[in-house]
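Encoded as structure tokens, the structure appears first; notes follow it.
The values are calculated or read from the model by the stated rules, or taken from the named source; none is laboratory data. As the structure is a computational prediction, the values presented were derived from the model and not from experiment. When we count neighbours, we look across all protein chains shown, and the Cβ atoms used for this are built from the backbone with ideal geometry, even at glycine. Heavy atoms of the whole protein, side chains included, go into the accessibility calculation; ligands, DNA and RNA do not. Shrake-Rupley method; radii C 1.70, N 1.55, O 1.52, S 1.80 Å.
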Amino acid sequence: MGLPQMTRRAAESADAEKIALLVNAAFRPERFFIDADRTNPDKVLALLDQGKFLLAEESGKLVACVYLELRGERGYFGLLAVDPARQRTGIGLRLIEAAEDYCRASGCRFMDLTTVNLRKELSGYYRRRGYVENGTLPFPDDQHPPKMPCHLVKMSKPLA
């Protein structure tokens, strides 16, 4: 029996609810420090006005997504989310590579991302993919207040 065919495509506004559900399921491990969903369809729609989501689907079912934004010579990706049942299968890595390829083809020389400092495993994951820490940012005011002190860690990688 063969594996289901994975397809990638850019999200449309009609995908906002599915994206929000996937992101919230994938970000459930953050519940130890923030007692709320990570996003909602309205926030997804607002992001679609600024950038784009790249979706990965298998047999028509959304299994992963990543948000991309072009910022001059810098690309940004965030909200990398993989269906919890499909995590640790390489889908996330393939989406990161697709995000980097898209930004490189769009003229970006660097790729940026942020992680929350309390999710220590994420910094290691991205370091193994060539990203280095290069600063911090305050935790965003537009998010539900965290239950403990935290901040964002900025990471970048050259796309040469």
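Between Ala160 and Ala25, what length comes free when the chain is fully extended (0.36 nm per residue of separation minus the Cα-Cα distance, one decimal in nm)?
Computed gain between Ala160 and Ala25 is 45.2 nm.
Give the list, by residue number, of cysteines in the chain with no other Cys Cβ closer than 4.7 Å, or say none.
Cys65, Cys150, each lacking another Cys Cβ under 4.7 Å.
Measuring with a 1.4 Å probe in the full set of protein chains, what accessible area per residue, in whole Å², belongs to the chain?
55 Å²
Roughly how many debye, to the nearest 20, is the charge dipole of region 11-145 about its Cα centre, given +1 on each Lys and Arg Cβ, -1 on each Asp and Glu Cβ, and no other charges?
Roughly 580 debye for region 11-145.
Near Lys154, within a Cβ-to-Cβ distance under 10 Å, what is the net charge of the other residues, with Lys and Arg +1 and Asp and Glu -1?
Charge balance near Lys154 sits at -2.
Distance from the Cα centre of region 90-120 to that of region 11-65, in angstrom?
16 Å
Work from the charge dipole of the chain (Cβ charges, +1 for Lys and Arg, -1 for Asp and Glu, about the Cα centre) and give the residue of Leu159, Leu137, Ala26 farthest towards its positive end.
Leu159
Name the residues whose placed amide hydrogens come within less than 5 Å of the amide hydrogen of Asp83, ignoring near sequence neighbours (fewer than 5 apart) on the same chain.
Result for Asp83 returns Ala64.
Mind giving me the FRET efficiency for His144 and Thr89? R0 is 30 Å, r the Cβ-Cβ distance, nearest 0.05 is fine.
Rounded to the nearest 0.05, the efficiency is 0.50.
Go through Lys52/Lys147; Lys43/Lys147; Lys18/Lys52; Lys18/Lys120; Lys18/Lys157 and tell me which ones have a Cα-Cα distance over 24 Å in this structure.
Lys52/Lys147; Lys18/Lys120; Lys18/Lys157
Within the chain, which is the longest segment that contains none of the GluC sites (Glu not before Pro) sitting in a DSSP loop with at most 16 other Cβ atoms within 10 Å?
Answer - 74-160.
(1) -0.35, -0.43, -0.95, -1.23; (2) -0.46, -0.54, -0.96, -1.12; (3) -0.37, -0.44, -0.90, -1.12: which one is log10 I(q)/I(0) by the Debye sum over Cα atoms at q = 0.10, 0.11, 0.16, 0.18 Å⁻¹ as calculated from this entry?
Only one option fits the structure, namely (1).
Would you compute, from DSSP H runs of 4+ residues alone, the mean residue ellipticity of the chain at 222 nm, taking -39500 (n - 2.57) per run and dividing by the full residue count, rounded to the nearest 500?
-8500 deg cm²/dmol
Could you pull out the longest piece of the chain with no exposed loop trypsin sites (Lys or Arg not before Pro) in it, calling a site exposed if DSSP puts it outside H, G, I, E, B and it has at most 13 other Cβ atoms within 10 Å?
Answer from the scan: 1-87.
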